[in-house]
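FYI, it's all coordinate maths here, none of it is from the lab. Because the structure is a prediction, the values reported are computed rather than measured. In this analysis, Cβ positions are derived from the backbone assuming ideal geometry, glycine residues included, and neighbour counts consider all displayed protein chains.
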Amino acid sequence: MFAAAHPSVHHRFNEGPFIRGTHVDKSVKFGLHPKYESPDPNMDHMTVQDTCRGNGAALQTEMSPVLEASHVAKRYGAVVALHDASFSLQHKEVHGLVGDNGAGKSTFLKILSGVVAADAGTIAVDGQTIHMRGPQDAMDAGIETVYQDLALVDTMTAYQNVYLGREELSRNPVKRWLNLVDDRLMRRRAAEVLSSLAVRIPSDNVPVKSMSGGQRQCLAIARALLWGRRIVILDEPTAALGVRETEQVLEVIRDLRKHDVSVIVVSHNMQQLMSIADRVTVMRLGRTIATRSVRETEIPEIVGLITGAIPGDLREERTAEPATP
Ligand SMILES: Nc1ncnc2c1ncn2[C@@H]1O[C@H](COP(=O)(O)OP(=O)(O)OP(=O)(O)O)[C@@H](O)[C@H]1O
Ligand SMILES: [Mg+2]
């Protein structure tokens, strides 16, 4: 027998906009939480554009960003993990975040995911400032993070993992009273999402532990999609994968655009990143120092910005001497 859903989880789930009746309404399923549907008309988007100084800035004038982080800072005791990180993510954009080890990428992503509280700065989704008190605030704002350990349960199947923690209760009143979940419904909806993303999973009944790293990564991404998230954050999604698995994951990331999803992805692999991203933001020593449109840059420029051989776009960067190796 399938595990019963936790009542509080189910209650929260049913309040969501994602499931209607027995069919999947894609416009709803892939939509945003209604709370975030109307941008604040008072939002000053010039401030947003000012924070992005790369060649991608032209893109900024066309529409307001889905997500905007301004002057985010974080210190751990004496260690300053983030000095000043500003970033804007456009609608249906894949935005790469790059930087050397310790540049502050993961810290920045954790702040955007609500896992770590920032000491300063603001985060806005569709023009509305989000007060992040924890990961649930980020999820409510439509932000889903795929963690490196993926948080999948090895002994459960693909569809059980897709619904993990948000199981659908049976529509049969008796079973519902007994807190039993609707296995068939969840299986069907999970299969729909997986096929819409061209995720190839061997069989419904195969436990996740027998899947490849790539399939597991795709599954975690699909989960974000099923829950109607509009922003997916990926921290080095292909770091531990082989060539074919990597290709599968990159394809799924590219595919997310078709579903109205914007992506922030951290990677050390420039070639891969340039093949999927629209823009790349470079971080150095806890600062976001430059944003470039992938069409208008080359890998050597990005590498130069990462190492300090090329100064960034910030005023203090331009006046500073290039770093010596
Ligand atoms: N919990 C923590 N406590 C103390 N210092 C931390 C903590 N987390 C991060 N740091 C420090 O903050 C800085 C930025 O770390 P972060 O993990 O964000 O870098 P990164 O860009 O993700 O690096 P990598 O490419 O190696 O993953 C580093 O100097 C790191 O040692
Ligand atoms: Mg990291």
**Asked** Quick one: in region 128-267, what % of C-alpha pairs are over 23 Å apart?
**Response** 35 percent
**Item:** Projected label distance in nm at Ala117 and Lys92, using a 7 Å step from Cα toward the beta-carbon
**Value:** 3.9 nm
**Prompt:** When the Karplus curve 6.51 cos²θ - 1.76 cosθ + 1.60 is applied with θ = phi - 60°, which whole-Hz ³J(HN,Hα) does each residue of region 81-96 get, with x for Gly and Pro?
**Reply:** 6, 9, 7, 6, 10, 10, 6, 9, 10, 8, 4, 6, 9, 9, 10, x
**Fill in**
For Val94, the residues 5 or more places away or on another chain with a placed amide H closer than 5 Å to its own amide H are Val263, Asp278, Arg279
**Asked** In the structure shown, do any of Lys92/Lys175; Lys110/Lys258; Lys175/Lys258; Lys209/Lys258 have a Cα-Cα gap over 32 Å, and if so which?
**Response** Lys92/Lys175; Lys175/Lys258
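Using only the alpha carbons of region 67-121, what is the convex hull's orientation-averaged projected area in square nanometres?
About 3.9 nm², averaged over all directions.
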